[in-house]
Amino acid sequence: MNLLEIMQNRRSVRTYTGEKIPKEKLDQILQAGLLSPSGRNRKPWEFIVVQERETLEKLSHCRVGAAKMLENAGCAIVVFANPEKTDVWVEDSSIVMSNMHLMADALGLGSCWIQGRLREAENGESTEDYCRQLLNVPGEYVLEAILSVGMIEEHPKAHNLDELELAKIHYEIF
Ligand SMILES: Cc1cc2nc3c(=O)[nH]c(=O)nc-3n(C[C@H](O)[C@H](O)[C@H](O)COP(=O)(O)O)c2cc1C
């Protein structure tokens, strides 16, 4: 598959078999994250890889109705960043998330972006505080998002190039 075909095939996959992620595939996903570009090459991110079932279950409550797939995921990659390193930590961390999500799909794994920033956990805490406490994250780091990764139970069908919203593209002027 060429890169455009890989991008067409990339979908948010939320149903997993519950099996563990093979180490060599997990390592490649993490490498894809670390290969990401960042503003002034500051690399403000930190990744927390969660594979313990009990922690994944607790993590599934970090959002109201939007992180349930973590119960059955093989792992979660929680992305925190240090905003003191750069004012573009959101952009930098989003690229990391996107690259890891795409890499997972290219490796035949299912993954889904779970929004962390500006969201609430089931217990009413911010998702950030909930994750910080659960994962022992120091105060200077802030939460970007969580990537759930799992062995695929069901993969939605690939996006079709014919369905792209070409009207969103403007040439020369808006
Ligand atoms: C910034 C961002 C936040 C998202 N947050 C969530 C989320 O919290 N939970 C979830 O199940 N999916 C989440 N998604 C996945 C989107 O719902 C999904 O990308 C969108 O519906 C398009 O579907 P596709 O990824 O299969 O093409 C998020 C995606 C992005 C880019």
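So here's what we get for this one:
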item: The stretch 84-103, subset within 12 Å of the ligand (Cβ to nearest atom) and surrounded by 23 or more Cβ atoms within 10 Å (Cβ to Cβ), residue farthest from Pro22 (Cα to Cα); result: Ser93
item: Residues that are under 21 Å from Glu91 (Cβ atoms), assigned to a helix (DSSP H, G or I) and out of contact with any Asp or Glu (no Cβ under 8 Å at 6 or more places or on another chain), drawn from the stretch 117-144; result: Glu128, Cys131
item: Residue in the stretch 69-78 that is under 28 Å from Glu153 (Cβ atoms), near the ligand (Cβ under 9 Å from one of its atoms), in contact (Cβ under 8 Å) with a residue 24 or more places away in the chain and more than 12 Å from the chain's Cα centre (by Cα) present; result: yes
item: Cβ-Cβ under 7 Å pairs, at least 6 apart or on other chains, the stretch 148-159 side in a strand (DSSP E or B) and away from the ligand (no atom under 13 Å from the Cβ), far side among the charged types (D, E, K, R) and at pLDDT 95 or above; result: Met151/Glu19
item: Subset tally (residues that are in contact with a His (Cβ under 8 Å, 6 or more places away or on another chain) and either within 16 Å of the ligand (Cβ to nearest atom) or under 19 Å from Pro44 (Cα atoms) (or both)) for the stretch 113-147; result: 5
item: Any hit, the stretch 48-60, residues being under 13 Å from the mean Cα position of the chain (by Cα), among the acidic types (Asp, Glu) and more than 16 Å from the ligand (Cβ to nearest atom); result: no
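The values are calculated or read from the model by the stated rules, or taken from the named source; none is laboratory data. Not measured: the values here are computed from a predicted model. Quick reminder, even Gly has a Cβ in these numbers, built from the backbone with ideal geometry, and neighbours come from all protein chains shown.
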